[in-house]
Amino acid sequence: MLTGPNFESDYVELRTTQYGGRSLFAARDTPAGTRVHSSPGPFAHVIYKDYRREVCAQCFAYAASDSAPVKVVQSRVWSIKCNPGGLQASAAWFCSEDCKKTWEKDETGLLQLQLDAALTKALVASRRKGSKSTNTPSFGSADDLTQDAIDQAWKNVQELVASKARLAAFCATIDLEDMELEIARLLVSAIVLRHVSGSNTNGVVDSDSHRNEIQSWIHFLHIQNNELANVRERQHILSAHLRIYAFLCNALPRYLLQYTPTTVREVLARDTGNAFGIWDGDRRDEMLGWGIWISASYFNHSCSPNIRKIRQGRTLYFETSRAVSAGEELCISYVDTDQPVEQRQKDLESSWFFRCGCSRCNTESRA
Ligand SMILES: [Zn+2]
Ligand SMILES: [Zn+2]
């Protein structure tokens with residue numbers, strides 16, 4: 001039986017394929033321009049710190065995009081602010097009072113903001129102590145890394161964080177690069193969501209299907225796990241992940257620690273290969289952050305896709321870009337389809353861990 005989010009639409013069907021795990025197929029003949037699926041919000045997401053004033057914390061609208069009001073485009077920042085602690089490091093900006101209200105109604109935003117400030121503080125404190133290195137144990141060459149070796153590395157770091165003294169000593173010697181801090185913030189968004197939904201439902205499926213899709217840890221776990229492929233592809237990623245984990249264990253308040261081990265490892269195992277960039281608009285000039293939308297991650301890739309993705313606020317909509325027949329696989333493109341075949345293949349292999357065998361790739365590779 002297939003597990004995962006319910007695709008309640010009349011247009012799509014989730015099936016298992018022989019080549020690419022599960023995938024979505026057209027349940028009926030569908031004309032071009034039909035919205036076949038929507039994914040209401042990210043399970044985990046992060047807007048880069050540098051863009052905080054320029055991106056609405058609720059709807060991700062970009063102040064410098066063509067569609068923003070002229071006045072805002074010139075200043076490039078939003079002026080409506082939520083600043084509970086009075087600290088610049090823990091403020092959120094909005095494109096409208098409505099967005100601010102919606103955001104404030106949902107307790108996750110505010111909690112995340114407080115934790116953001118805690119992470120910054122922890123990082124500043126550790127930097128002040130000097131003698132920095134990005135020293136974590138090395139794990140040999142990525143090629144001979146096995147699942148057992150990865151499991152052992154996580155076991156070792158669990159033992160380390162279990163001792164307060166060892167954790168503090170370790171964290172005094174680690175520094176996070178900017179990108180690693182962004183990853184830590186992404187993880188915090190998932191931890192917060194689990195905390196908030198867990199205290200209501202213990203992770204059990206909610207009857208409201210929208211909340212359910214966004215919040216279900218169980219559904220999240222069903223999306224593809226790329227841990228081994230990712231660690232093998234990127235030599236230093238395992239050390240970085242363990243460092244981020246220890247940093248979070250040290251920086252987060254105690255009441256969140258019950259969610260931290262599973263959330264960190266499982267989200268890191270699924271981030272690469274399932275996440276979507278959050279862009280400034282259709283032109284895709286600036287990537288403002290990224291997120292994981294659970295049901296959206298079931299769309300497979302084609303270099304000549306029949307589905308296009310449109311983001312409106314936090315929702316991702318999927319729409320047919322041409323007429324599609326019943327039974328056809330519904331595909332988006334993960335990469336820039338204007339690139340030559342070699343580049344597309346390279347990007348897909350390094351970030352999505354497969355060799356594209358779509359008909360366009362076959363034709364272009366032969367030529
Ligand atoms: Zn907004
Ligand atoms: Zn292809």
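The values are calculated or read from the model by the stated rules, or taken from the named source; none is laboratory data. On a predicted model such as this, the values are computed, not experimentally measured, just so you know. So basically every Cβ, Gly included, is an ideal-geometry build from the backbone, and we count neighbours across all protein chains shown.
Annotations for the structure displayed:
- Filter pass, residue 247 being outside the structural domain of residue 29 (by TED's automatic domain parsing), in contact with a strand residue (DSSP E or B) (Cβ under 7 Å, 6 or more places away or on another chain) and over 30 Å from residue 95 (Cα atoms): yes
- Pairs where the first residue, in region 349-361, is farther than 12 Å from residue 333 by Cβ and the second is of a type in the set (Ser, Thr, Tyr) and more than 10 Å from ligand 2 (Cβ to nearest atom), C-beta under 7 Å, 6+ apart: 351/272
- Single residue of 46, 55 found to be under 30 Å from residue 350 (Cα atoms), at pLDDT 95 or above and within 16 Å of ligand 1 (Cβ to nearest atom): 55
- Residues of region 308-355 satisfying the condition of being of a type in the set (Val, Ile, Thr) and either away from ligand 2 (no atom under 11 Å from the Cβ) or not in a loop (DSSP other than H, G, I, E, B) (or both): 310, 315, 320, 324, 332, 341
- For residue 269, the criteria (1) away from ligand 2 (no atom under 16 Å from the Cβ); (2) assigned to a loop (DSSP other than H, G, I, E, B); (3) closer than 30 Å to residue 178 by Cβ; (4) hydrophobic (A, V, I, L, M, F, W, C) hold in every case but one, which is (2).
- Among the residues making up region 102-131, a single one is within 14 Å of residue 172 (Cβ to Cβ), surrounded by 14 or more Cβ atoms within 10 Å (Cβ to Cβ) and hydroxyl-bearing (Ser, Thr, Tyr): 126.
- Checking each residue of region 65-80 against the condition of being of a type in the set (A, V, I, L, M), modelled with pLDDT of 80 or more and over 22 Å from the mean Cα position of the chain (by Cα) gives at least one match.
- Residues of region 70-104 satisfying the condition of being in a loop (DSSP other than H, G, I, E, B) and under 19 Å from residue 288 (Cα atoms): 76, 77, 78, 79, 91, 95, 96
- Within region 119-175, restricting attention to residues that are over 22 Å from residue 235 (Cα atoms) and outside any helix (DSSP H, G or I), the residue that is modelled with the lowest pLDDT is 131.
- Selection over region 270-326 of residues that are hydroxyl-bearing (Ser, Thr, Tyr) and closer than 20 Å to residue 229 by Cα gives a count of 3.
- Residue 295 vs. criteria away from ligand 2 (no atom under 16 Å from the Cβ), modelled with pLDDT under 95 and either of a type in the set (A, V, I, L, M, F, W, C) or under 18 Å from residue 223 (Cβ atoms) (or both): yes
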